[in-house]
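In what follows, a single structure is set out as structure tokens and then discussed.
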Amino acid sequence: MSEENKQPMEETPETQAGPEQEIPQAEEGAEKSEKAPKGKKKKEKGYTFTREQVEQMELAAKQLESVKDQFVRLTAEYDNYRKRTTKEKDGIYQDAKADTVKEFLAVYDNLERAVATVGDEESPHKKGLEMIFHQYQEILKKLGVTEIEAKGQPFDPEKMEAVMHIDDESFGENEVAQVFQAGFELNGKVIRHAIVQVAN
């Protein structure tokens with residue numbers, strides 16, 4: 001081939017770019033397509049219901065309200081039951097306690113009479129009995145048992161039982177002149193009435 005036939009090659013954009021350069025035309029187009037246009041928001045789809053579906057939802061709401069009402073009533077009934085049974089148990093315990101203590105009051109009476117009659121103040125037997133009697137009183141006190149204060153007090157038929165009546169100007173009207181047997185209360189409840197003599 002002669003030199004005359006050789007013609008210079010025209011340079012095209014592909015040849016000008018060179019082997020190391022890349023033309024990002026296709027990628028730019030892809031990036032543009034991926035980006036959503038600004039200012040446009042996604043529309044939320046509305047829901048439509050049939051008459052049958054609406055009726056079913058209303059029925060379900062009524063059933064839920066009914067169940068909630070039953071639950072509230074059941075909770076209240078259970079709370080009342082728990083309080084009632086607790087009160088009943090406490091009442092049974094207090095009654096059993098009162099019956100037990102009442103049986104031991106005869107021992108109290110005997111100790112009280114023994115302390116009042118045995119020997120003089122310096123007698124070791126009397127001192128021993130006094131110690132036992134005071135110890136017994138402390139035990140009753142710890143159990144919630146208290147002696148009814150009667151002598152010198154106005155007669156109270158709720159707590160006392162009158163077996164004698166005297167006329168004595170040194171006492172007031174319906175005043176307790178003498179106590180024959182002490183009365184006792186357990187936590188405010190009378191477990192044994194005091195047997196007394198009432199004046200005027």
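The values are calculated or read from the model by the stated rules, or taken from the named source; none is laboratory data. Fair warning: this is a prediction, and the values are worked out from it, not measured in the lab. All Cβ positions, glycine included, derive from the backbone under ideal geometry; neighbour counts span all protein chains shown. SASA here: full protein model, heavy atoms, side chains in, ligands and nucleic acids out. Shrake-Rupley method; radii C 1.70, N 1.55, O 1.52, S 1.80 Å.
At an R0 of 41 angstrom, the distance between the Cβ atoms of L143 and N174 translates into a FRET efficiency of 0.85. Placing a pseudo-label 7 Å from each Cα along the Cα-to-Cβ vector at T50 and Y78 gives an inter-label distance of 4.1 nm. For a 32 Å ceiling on Cα separation, which of these pairs sit above it: K83/K159; K87/K159; K89/K151; K97/K151; K89/K142; K89/K141? Pairs exceeding the cut-off: K89/K151.
Length gained on full extension, N110 to D95, computed as 0.36 nm times the residue gap minus the Cα-Cα distance: 3.0 nm. T117 exposes around 100 Å² of accessible area when a 1.4 Å probe is run over every protein chain in place. Whole-Hz Karplus values for the stretch 48-63 come out as 10, 10, 7, 4, 5, 5, 4, 5, 5, 5, 5, 5, 5, 5, 5, 5 Hz, taken residue by residue from phi with 6.51 cos²θ - 1.76 cosθ + 1.60 and θ = phi - 60°; glycine and proline positions read x. Heavy-atom accessible area with a 1.4 Å probe sorts K62, K68, largest first, into K62, K68.
With a 1.4 Å probe rolled over the protein heavy atoms of all chains, the accessible area of D99, D167 falls in the order D167, D99, largest first.
Rounded, prolate or oblate: which fits the stretch 48-125 when a ≥ b ≥ c are the square roots of the eigenvalues of the alpha-carbon gyration tensor, with rounded for a/c under 1.5 and prolate only if a/b beats b/c?
It is prolate, given that a/c is not under 1.5 and a/b is the larger ratio.
Debye sum, Cα scatterers, the stretch 64-104, no solvent: what log₁₀ I/I(0) at q = 0.35 1/Å? So the normalised log intensities are -0.99. Loop-only check: which GluC sites (Glu not before Pro) in the stretch 107-193 are DSSP coil with at most 10 other Cβ within 10 angstrom? Here the GluC sites (Glu not before Pro) that fit, given the DSSP loop and packing criteria, are E121, E122, E158, E169, E173. Taking the stretch 50-65 and a reference point 7 angstrom along Cα→Cβ of F71, the backbone N atoms nearer than 12 Å belong to 64-65.
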